[in-house]
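Asker: Okay, here's the structure, questions in a sec.
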Amino acid sequence: MAMCRALTLCLALVLAPLPALAAGLEACRPLSIATPARPPRDAVTSSWLKPVPENPVGCTHGIAFEAGGGATLWRCQVVPPDGKDLPEGTPEHAFLLMRPGQPVQVLPDELMAGKYQSFDLIRVDLDGDGTSETVLAAWNAQSNGMGVHRWTIRVFDAGWKLLATFPEVVDWGNTSLVRAASGRRGCDIAVTRYVESVNRAGRPGISLEARFQRLNAGALAEATDRPAVRRRYDRTFEAARTRHFDRNPDSDKGDVARWLSHRDAQAVGR
């Protein structure tokens with residue numbers, strides 16, 4: 001009977017359902033990526049910042065980037081007049097979108113270590129209708145410890161209407177824009193977080209998790225036709241992530257599609 005009970009237990013373990021393997025993620029193609037020029041390594045930040053035109057938030061200096069169609073995107077620092085403190089709720093930094101004949105569009109920003117140039121403007125057709133949207137991916141900071149890169153991702157339509165903002169996106173990179181789920185045209189946005197998780201042995205830890213946003217009828221919403229994907233941050237993943245950033249010492253960008261296409265990645269419920 002003891003052997004039977006043991007055999008029954010073994011069969012139960014073998015037949016217990018395991019999380020589904022995640023399907024490989026394919027990076028979105030084509031993409032048009034524009035990035036500000038980096039200043040010289042030994043340059044003092046204040047030496048290459050420019051005065052900002054009059055604006056409603058009080059930005060005084062920053063960098064300007066030609067965004068196309070006569071639009072200029074400034075990333076700048078807000079400075080209160082006469083040495084006073086900033087009013088409560090006022091951001092210390094901002095993006096300013098300036099277009100001829102249009103009000104200045106103010107986008108609150110956060111910035112570490114004076115890295116004004118750490119952002120991308122990405123043109124991508126998210127819904128496959130033949131018209132490109134614009135993704136503004138802005139690096140904000142890097143944590144201690146794991147060195148997690150934190151980004152804010154904003155999506156605009158072709159007329160610069162802000163469709164959505166995703167703050168606190170971790171380890172963003174160009175491959176965070178992935179091909180849409182099977183049966184759809186266009187591309188989806190992988191919104192990533194490091195989340196608490198428990199492995200198969202019951203040990204707590206953390207995992208990188210991506211949930212996907214799709215553009216449909218002019219609005220961004222979670223893609224219900226594809227599962228979220230999660231990969232445990234174990235030694236294998238840690239080594240791969242470390243190698244990636246060691247190979248790209250001047251980059252703040254991760255490689256989400258590659259990392260979450262690994263055989264250890266799992267599809268997870270909502």
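The values are calculated or read from the model by the stated rules, or taken from the named source; none is laboratory data. All values derive from a computational prediction rather than experimental measurement. Ideal geometry is used to build each Cβ from the backbone, glycine not excepted, and the neighbour counts take in all protein chains shown. Quick note on the areas: whole protein, heavy atoms, side chains included, nothing else; ligands and nucleic acids left out. Shrake-Rupley method; radii C 1.70, N 1.55, O 1.52, S 1.80 Å.
Asker: In this structure, does A240 turn out to be out of contact with any strand residue (DSSP E or B) (no Cβ under 9 Å at 6 or more places or on another chain) and hydrophobic (A, V, I, L, M, F, W, C)? Explain how you work it out, then say what you get.
Answerer: On the way: out of contact with any strand residue (DSSP E or B) (no Cβ under 9 Å at 6 or more places or on another chain): yes; hydrophobic (A, V, I, L, M, F, W, C): yes.
Taking the combined requirement at face value, the residue satisfies it.
Asker: Specify which of the listed residues (A239, A180, A201, A267) is under 27 Å from L121 (Cβ atoms) and of a type in the set (A, V, I, L, M, F, W, C).
Answerer: Details: A239 fails: under 27 Å from L121 (Cβ atoms); A201 fails: under 27 Å from L121 (Cβ atoms); A267 fails: under 27 Å from L121 (Cβ atoms).
After ruling out the rest, the residue left standing is A180.
Asker: Would you confirm whether any residue within segment 234-245 is assigned to a strand (DSSP E or B), surrounded by 12 or more Cβ atoms within 10 Å (Cβ to Cβ) and either of a type in the set (S, T, Y) or modelled with pLDDT of 95 or more (or both)? Don't jump to the end; show me each part of the working.
Answerer: Looking only at segment 234-245, we keep the residues that are assigned to a strand (DSSP E or B), and these are none.
Within segment 234-245 (the criterion being assigned to a strand (DSSP E or B), surrounded by 12 or more Cβ atoms within 10 Å (Cβ to Cβ) and either of a type in the set (S, T, Y) or modelled with pLDDT of 95 or more (or both)), the answer is no, since none of the residues qualifies.
Asker: Determine, yes or no, whether W139 is touching a His at 6+ places or on another chain (Cβ under 7 Å), among the aromatic types (F, W, Y), surrounded by 14 or more Cβ atoms within 10 Å (Cβ to Cβ) and at negative phi. Give the steps one after another, and end with the answer.
Answerer: Values: touching a His at 6+ places or on another chain (Cβ under 7 Å): yes; among the aromatic types (F, W, Y): yes; surrounded by 14 or more Cβ atoms within 10 Å (Cβ to Cβ): yes; at negative phi: yes.
So W139 passes the test.
Asker: Here is a follow-up. Given the residues L96, L73, L111, which is the only one that is within 18 Å of A138 (Cα to Cα) and touching a Cys at 6+ places or on another chain (Cβ under 8 Å)? Explain how you work it out, then say what you get.
Answerer: Numbers: L73 fails: touching a Cys at 6+ places or on another chain (Cβ under 8 Å); L111 fails: touching a Cys at 6+ places or on another chain (Cβ under 8 Å).
Step by step, each of L96, L73, L111 is checked, and only L96 is within 18 Å of A138 (Cα to Cα) and touching a Cys at 6+ places or on another chain (Cβ under 8 Å).
Asker: Additional query: Scan T165, T192, T224, T152 and give me the residue that is of a type in the set (V, I, T) and closer than 16 Å to H262 by Cβ. Before the answer, list the steps.
Answerer: Numbers: T165 fails: closer than 16 Å to H262 by Cβ; T224 fails: closer than 16 Å to H262 by Cβ; T152 fails: closer than 16 Å to H262 by Cβ.
Sole residue among the options that is of a type in the set (V, I, T) and closer than 16 Å to H262 by Cβ: T192.
Asker: Would you mind stating whether K50 is among the charged types (D, E, K, R), over 30 Å from A217 (Cα atoms) and open to solvent by less than 70 Å² (accessible area, probe 1.4 Å)? Talk me through it step by step, then tell me what you get.
Answerer: Numbers: among the charged types (D, E, K, R): yes; over 30 Å from A217 (Cα atoms): yes; open to solvent by less than 70 Å² (accessible area, probe 1.4 Å): no.
Judged against the criteria, K50 is not a match.
Asker: If you go through segment 190-206 one residue at a time, do you hit one that is of a type in the set (A, V, I, L, M, F, W, C), open to solvent by 30 Å² or more (accessible area, probe 1.4 Å), touching an Asp or Glu at 6+ places or on another chain (Cβ under 9 Å) and at positive phi?
Answerer: Checked against the condition, which is being of a type in the set (A, V, I, L, M, F, W, C), open to solvent by 30 Å² or more (accessible area, probe 1.4 Å), touching an Asp or Glu at 6+ places or on another chain (Cβ under 9 Å) and at positive phi, segment 190-206 yields no hits at all.
Asker: Give the residues of segment 165-174 that are open to solvent by 20 Å² or more (accessible area, probe 1.4 Å) and closer than 19 Å to R231 by Cβ, sorted by residue number. Can you show your working first?
Answerer: Applying the first criterion (open to solvent by 20 Å² or more (accessible area, probe 1.4 Å)) to segment 165-174 yields 165-168, 174.
E168, N174, listed by residue number.
Each row is one residue, and each column tells you yes or no for (1) within 21 Å of G269 (Cα to Cα); (2) of a type in the set (S, T, Y).
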residue	(1), (2)
V148	no, no
V170	yes, no
S207	yes, yes
T224	yes, yes
F245	no, no
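Asker: Run down L177, L162 and say which single residue is hydrophobic (A, V, I, L, M, F, W, C), surrounded by fewer than 16 Cβ atoms within 10 Å (Cβ to Cβ) and at pLDDT 95 or above.
Answerer: L162
Asker: I would also like to ask the following. What are the residues in segment 156-184 that are touching a residue at least 60 places away in the same chain (Cβ under 8 Å) and out of contact with any strand residue (DSSP E or B) (no Cβ under 8 Å at 6 or more places or on another chain), if any?
Answerer: Matches in segment 156-184: G173 only.
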